[in-house]
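The values are calculated or read from the model by the stated rules, or taken from the named source; none is laboratory data. Just so we're clear, the structure is a prediction, and the values are computed from it rather than from any experiment. Cβ atoms come from the backbone with ideal geometry, glycine included; neighbour counts cover every protein chain shown. Remember, those area values only see protein heavy atoms, side chains included, never the ligands or the DNA or RNA. Shrake-Rupley method; radii C 1.70, N 1.55, O 1.52, S 1.80 Å.
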Amino acid sequence: MPIYRRLGFLSSQLTPSSLRSFSCSSSAAMTFTLPSGATVPVPGFGTGTKWYKSGDASIDRKVVDAVVSGLKVGYRHIDGAEVYGTEAEIGLAIKESGIPRDQIFVTGKILPKIANPRAALEETLKLMQLDYLDLYLIHAPFFDVKSRGISIEMAWDILSELKGEGKIRDIGVSNFSVADLERLKDAKEKVAVNQIEFNPYLQNQTPGIVDYCQKNGIILEAYTPLGPLVPAAKGGPLEPVVNKLAAKYGRDAGQIILKWVIQRGIIPITTSAKVERQKTNLDLDDFTLTSEEVKEIDEAGSKKHFRLYWADKYIP
Ligand SMILES: NC(=O)C1=CN([C@@H]2O[C@H](COP(=O)(O)OP(=O)(O)OC[C@H]3O[C@@H](n4cnc5c(N)ncnc54)[C@H](OP(=O)(O)O)[C@@H]3O)[C@@H](O)[C@H]2O)C=CC1
């Protein structure tokens, strides 16, 4: 069964269809700094999608090995979520890697247990064997008092309290639209991050979201940055442009797309079970696309629409 679907989070429908973060520099070696002062390592290594196993508490050794492998090849940013069912695997992998906790940036996300963020965070920390999370996100805005007994504003206030208690360094959201973010604009704690689906074929998960976040100092993270390379999207208008740039820079298509994401001022969160790809997807520092090339990808990507997640919530 496709990931997220069991909880109704994913529609499998596949439709063809100004940089300013807190201190997001505009150079090739872009850095992203959160309100706590922490710098987010780029790219992030995802533990959802292909490893999703919500509701299954047994340890999946494949996931532990993949995260250990990611850490060993150099990732220092692990993206988790309560709903992925991979939090215990993340905890084990961090221990097995031998890398000190303070050198790894760990993200968690809350949703099914949104009614009680405090209990959900305690459970996440216990499973991950950690004392704190670097970043905790409300996984999606699709809940309210009627459905879950809590509103976005109420959940945000509790996350803010948990941040104040030192259990989370920074707080943010995921899959939020402009209207959702506007609900939190006067909150005491600012939204630090919005993690959205973003790639050349989906440059705005919801109308105006990238521009709004970048103008309001909300750091964007891109999940499914390599969407154009999955079999269902391959062969589209982006392919000749990416192949041309890959040949020019002696890189592969994945590296060109991930670099484009970074040069758009967005942090890619990527996943691969293949060690070779884990390495190449991390090796992004020694080349820079020209601004014309970034624009060329923008334009080629705009000719096709491809959305993998939450499609039933967004039109189209
Ligand atoms: N907030 C949210 O609602 C969501 C968050 N996420 C998070 O984002 C993470 C990343 O999402 P995901 O869609 O997996 O990301 P990607 O776009 O990075 O990966 C998609 C697929 O591409 C393949 N791939 C990886 N590298 C390459 C390459 N260089 N060339 C060709 N194919 C490649 C991978 O398979 P292979 O193993 O074969 O390399 C992978 O399954 C998730 O693990 C999760 O943590 C994801 C979805 C929703």
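Structure notes:
- Filter pass, I114 being of a type in the set (V, I, T) and buried (at least 16 other Cβ atoms within 10 Å of the Cβ): yes
- Tally, over the range 213-230, of residues that are within 17 Å of I267 (Cβ to Cβ) and more than 6 Å from the ligand (Cβ to nearest atom): 9
- Any hit, the range 159-175, residues being in contact with an Asp or Glu (Cβ under 9 Å, 6 or more places away or on another chain), among the acidic types (D, E) and buried (at least 23 other Cβ atoms within 10 Å of the Cβ): yes
- Single residue of the range 39-66 satisfying the filter (farther than 10 Å from I90 by Cα and among the hydroxyl-bearing types (S, T, Y)) that is least open to solvent (accessible area, probe 1.4 Å): Y52
- Residues in the range 67-83 that are touching a helix residue (DSSP H, G or I) at 6+ places or on another chain (Cβ under 7 Å), within 12 Å of the ligand (Cβ to nearest atom) and either under 19 Å from V193 (Cβ atoms) or open to solvent by less than 10 Å² (accessible area, probe 1.4 Å) (or both): V67, G70, I78, G80, E82, V83.
- Of all residues in the range 132-158, those being away from the ligand (no atom under 16 Å from the Cβ), open to solvent by less than 10 Å² (accessible area, probe 1.4 Å) and over 23 Å from V210 (Cβ atoms) number 1.
- When the criteria are applied in full, P141 meets the requirement of being under 22 Å from the mean Cα position of the chain (by Cα) and closer than 25 Å to P35 by Cα.
- Pair list, Cβ < 7 Å and 6+ apart or interchain, from the range 31-51 residues that are in a helix (DSSP H, G or I) to residues that are more than 16 Å from the ligand (Cβ to nearest atom): none
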